[in-house]
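Undergrad: Shown below is the structure under consideration.
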Amino acid sequence: MKNTRVAIAAGIALLLAATSLAAQQYPTRPIRLVVPFPPGTASDFLGRTIGAALTDLYKMQVVVDNRPGAGGLIGVPIVLQATPDGYTLGLFAPPYLTSPMLQKKEPYQALKDGIPVVQVAGIPNVIGVTLAIPAKSLKEFIAYAQARPGELNYASVGVGSIAHLSAEILNNAAGLKIVHVPFKILGDAWGEIFSGRVQLFVFTGPSSVPMVKDGRVRALAVSTARRIPALPDVPTVVEAGLPAAEHVAWFGLFAPAGTPRSLVNKLAADATATVRKPETKALFERQGADPVENSSPEAFARLVKSEYARYAKLIKEAGLQPQ
């Protein structure tokens, strides 16, 4: 019996040593970073920014792989079903949690099948309208929409996407009845907004800021308690008198369940180091993103767990039904 215990202990020690060595040598080949949303979205911007920074750090290519569709349900399983060796990662956001909730049969278990590695950014949403809408402020738009229940539309890039849930937060906070129109491609959504056939959007900063600055749409508010550097003249929802609509979307790296803890810790430390670089921080802020410089696997896991409960409650209160 004693010899058996010694052998087991020795085996565990060898396994831990091998895992630690693998983390120290990582990476030895290119890394695949899956972004489950199309080009032009906040997930894509952050994935490419972090991917480029890690490529410089590791001297090994981090390949960003856009796999859009179904509110993230096409891209996310690619990561969750991958070999847990650190060579397939995901850049995920709240749809990682919400999209499965809106399916009759959940395609994966968000709190079990993936490991939150590290949060890299928080991003406010921009609440804006087509230029065809006469409202010049959020208060004016709310009055305009309340007088037209069920007549106005808002765009998203899929059921369970950030734009979908964020617009529902606005609907609930302001007592509006604006209809959801999901699109597969962000460019198609913008085309309908520019034309005036879709009147409202609640999109992330990186998706919205260029359109606002080009004068193609009108920003009414940002979804944070303080203004963002990218749009300093746009008031917050708090300033606009609608604090219940305040919210920020988180974005971070995920790995498949079973990824060694030593490797998760290394990835978290390395990603955080890239976020802290002045040039990365400046790029984030120009696009309306808030860099997170003090995250950790443990802190990010706590955030994801609390957000799971928050969004489950929101979906129930909003009466959103599984597809």
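Undergrad: Would you check if there is a residue in segment 170-191 being in contact with a strand residue (DSSP E or B) (Cβ under 6 Å, 6 or more places away or on another chain), over 22 Å from Gly319 (Cβ atoms), open to solvent by 20 Å² or more (accessible area, probe 1.4 Å) and among the basic types (Lys, Arg)?
TA: No, the conditions are met nowhere in segment 170-191.
Undergrad: Would you pick out the residues in segment 222-235 that are of a type in the set (D, E, K, R) and modelled with pLDDT of 95 or more?
TA: Correct list: Asp233 only.
Undergrad: Can you find a residue in segment 109-128 that is open to solvent by less than 30 Å² (accessible area, probe 1.4 Å) and free of Cβ contacts under 8 Å to residues at least 60 places away in the same chain?
TA: No, segment 109-128 has no match at all.
Undergrad: Can you work out which of the residues in segment 227-241 that are touching an Asp or Glu at 6+ places or on another chain (Cβ under 9 Å) and open to solvent by 60 Å² or more (accessible area, probe 1.4 Å) is farthest from Val202 (Cα to Cα)?
TA: My answer is Pro229.
Undergrad: Let me confirm something: among Ala245, Ala318, Ala249, Ala219, which residue is over 20 Å from the mean Cα position of the chain (by Cα), closer than 22 Å to Ile178 by Cβ and either aromatic (Phe, Trp, Tyr) or modelled with pLDDT under 95 (or both)?
TA: The conditions single out Ala318.
Undergrad: Within segment 190-207, take every residue that is assigned to a helix (DSSP H, G or I) and at pLDDT 95 or above and give me the one that is farthest from the chain's Cα centre (by Cα).
TA: Ser195
Undergrad: Ok, one more. For segment 129-163, give me each residue that is touching a Gly at 6+ places or on another chain (Cβ under 9 Å) and either open to solvent by 10 Å² or more (accessible area, probe 1.4 Å) or modelled with pLDDT under 90 (or both).
TA: Answer for segment 129-163, where residues must be touching a Gly at 6+ places or on another chain (Cβ under 9 Å) and either open to solvent by 10 Å² or more (accessible area, probe 1.4 Å) or modelled with pLDDT under 90 (or both): Leu131, Ala132, Lys139, Ile142, Gln146, Val157, Gly158, Val159, Gly160, Ser161.
Undergrad: Does Phe141 satisfy the criteria of being within 16 Å of Ala70 (Cβ to Cβ) and touching a strand residue (DSSP E or B) at 6+ places or on another chain (Cβ under 8 Å)?
TA: Taking the combined requirement at face value, the residue does not satisfy it.
Undergrad: Those residues that are open to solvent by less than 40 Å² (accessible area, probe 1.4 Å) and among the polar types (S, T, N, Q), I need them from segment 265-311; list them, please.
TA: Listed by number, the residues that qualify are Thr272, Thr274, Thr280, Ser295, Ser296.
Undergrad: Restricting segment 55-83 to residues that are assigned to a helix (DSSP H, G or I) and open to solvent by less than 10 Å² (accessible area, probe 1.4 Å), which is modelled with the lowest pLDDT?
TA: Restricting to residues being assigned to a helix (DSSP H, G or I) and open to solvent by less than 10 Å² (accessible area, probe 1.4 Å), the top hit is Gly71.
Undergrad: Of the residues that sit in segment 36-54 and are in contact with a Ser or Thr (Cβ under 8 Å, 6 or more places away or on another chain) and not in a helix (DSSP H, G or I), which one is surrounded by the most Cβ atoms within 10 Å (Cβ to Cβ)?
TA: Of everything passing the filter in segment 36-54, Pro36 is surrounded by the most Cβ atoms within 10 Å (Cβ to Cβ).
Undergrad: Would you say Ala244 is open to solvent by 50 Å² or more (accessible area, probe 1.4 Å), in contact with a helix residue (DSSP H, G or I) (Cβ under 8 Å, 6 or more places away or on another chain) and not in a loop (DSSP other than H, G, I, E, B)?
TA: yes
Undergrad: Filter segment 249-260 for residues that are touching a strand residue (DSSP E or B) at 6+ places or on another chain (Cβ under 9 Å) and farther than 29 Å from Ala163 by Cβ; which is surrounded by the fewest Cβ atoms within 10 Å (Cβ to Cβ)?
TA: The selected residue is Gly258.
Undergrad: Right, something else. With touching a residue at least 60 places away in the same chain (Cβ under 8 Å) and out of contact with any Phe, Trp or Tyr (no Cβ under 6 Å at 6 or more places or on another chain) as the only criterion, which of Thr280, Thr236 stands out?
TA: Only one candidate qualifies: Thr280.
Undergrad: Could you tell me how many of the residues in segment 244-277 are within 30 Å of Lys139 (Cβ to Cβ) and of a type in the set (Asp, Glu)?
TA: Going through segment 244-277 one residue at a time, the tally reaches 1.
The values are calculated or read from the model by the stated rules, or taken from the named source; none is laboratory data. Computed from a predicted structure; not experimentally measured. As a convention, Cβ positions derive from the backbone with ideal geometry for all residues, glycine included, and neighbour counts pool all protein chains shown. Remember, those area values only see protein heavy atoms, side chains included, never the ligands or the DNA or RNA. Shrake-Rupley method; radii C 1.70, N 1.55, O 1.52, S 1.80 Å.
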